[in-house]
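First up is the structure itself, then whatever we jot down about it.
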Amino acid sequence: MGYIEELRAIIGHRRVILNGCIAFIENTQGQILMQQRKYPYGKWGLPGGLMELGESTEETVKREVLEETGLKLGKLSLFGVYSGKNYLCIAQNGDEFYVVTTVYTTSEYQEEVSVNDEESLTFEWFYVHALPDNIQDAGTVLLSYCFHKTREPVPCLTCVSNMMYR
């Protein structure tokens, strides 16, 4: 049982603050890797997850990406840290938490993408101007990244304004 499961055994579904990490993984064509998730079913997001006790944010994102994608990440660059009232998450089992998300970028990775059947339906590479419409989380983060890369608004993300995981 991991830290979050142990914590939930004590506090139930009450709201807490958790630390998470995600990564913009960019290939040589300038596309970013996105994950189509099992929960919420069919929604797209960035690979990553929640921190375990004793981990650094870099260790968290590398572990989560390896577990979810099979990719071993190399050098990471800090992109930003996101938190606040718009980052309330409600898990499928009813657990509620505000997430403080540390976001990294990298173009250094080894191995080939493989799907972890427990969490993912598939992974695909997308250009920032051709992202899928059905984006679950990290909408604000994606907007920031796309603007950073292109210096112009990205129309496909104008519908992403609510960060709730519902």
| said: Take E67 and tell me if it is closer than 14 Å to G20 by Cβ, modelled with pLDDT of 90 or more, within 15 Å of the chain's Cα centre (by Cα) and surrounded by 13 or more Cβ atoms within 10 Å (Cβ to Cβ). | reply: yes
| task | Return the only residue of N86, N116 being closer than 19 Å to R63 by Cβ and surrounded by 11 or more Cβ atoms within 10 Å (Cβ to Cβ). | result | N116
| message | Give me the residue from segment 24-49 that is in a loop (DSSP other than H, G, I, E, B) and at positive phi and, out of that set, nearest to the chain's Cα centre (by Cα). | response | G42
| field | Restricting segment 119-130 to residues that are touching a Lys or Arg at 6+ places or on another chain (Cβ under 7 Å) and over 19 Å from F79 (Cα atoms), the residue that is surrounded by the most Cβ atoms within 10 Å (Cβ to Cβ) | value | S120
| field | Matching residues in segment 113-147 - criterion: being touching a Leu at 6+ places or on another chain (Cβ under 9 Å), of a type in the set (A, V, I, L, M, F, W, C) and modelled with pLDDT of 75 or more | value | V113, V115, F123, W125, F126, V128, L131, I135
| Picking from V61, V100, which residue would you name as being closer than 24 Å to E5 by Cα, buried (at least 19 other Cβ atoms within 10 Å of the Cβ) and within 12 Å of the chain's Cα centre (by Cα)? | V61
| task | Under 8 Å between Cβ atoms, at least 6 apart or on separate chains: pull out the pairs that start in segment 87-110 with a residue that is in a strand (DSSP E or B) and end on any residue that is of a type in the set (D, E). | result | L88/E96; C89/E96; C89/D137; I90/E96; Y104/E58; T105/E26; T106/E26
| Scope segment 50-86; condition in a loop (DSSP other than H, G, I, E, B), of a type in the set (A, V, I, L, M, F, W, C) and touching a strand residue (DSSP E or B) at 6+ places or on another chain (Cβ under 6 Å); matching residues | M51, L71, L76
| field | Top-ranked residue of segment 1-27 - restricted to ones that are farther than 17 Å from T69 by Cβ and β-branched (V, I, T), ranked as surrounded by the most Cβ atoms within 10 Å (Cβ to Cβ) | value | I4
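The values are calculated or read from the model by the stated rules, or taken from the named source; none is laboratory data. Note that the coordinates shown come from a computational prediction; the quantities given were computed from them, not determined experimentally. Because the Cβ atoms are built from the backbone with ideal geometry, glycine has one as well, and the counts that use them run over all protein chains shown.
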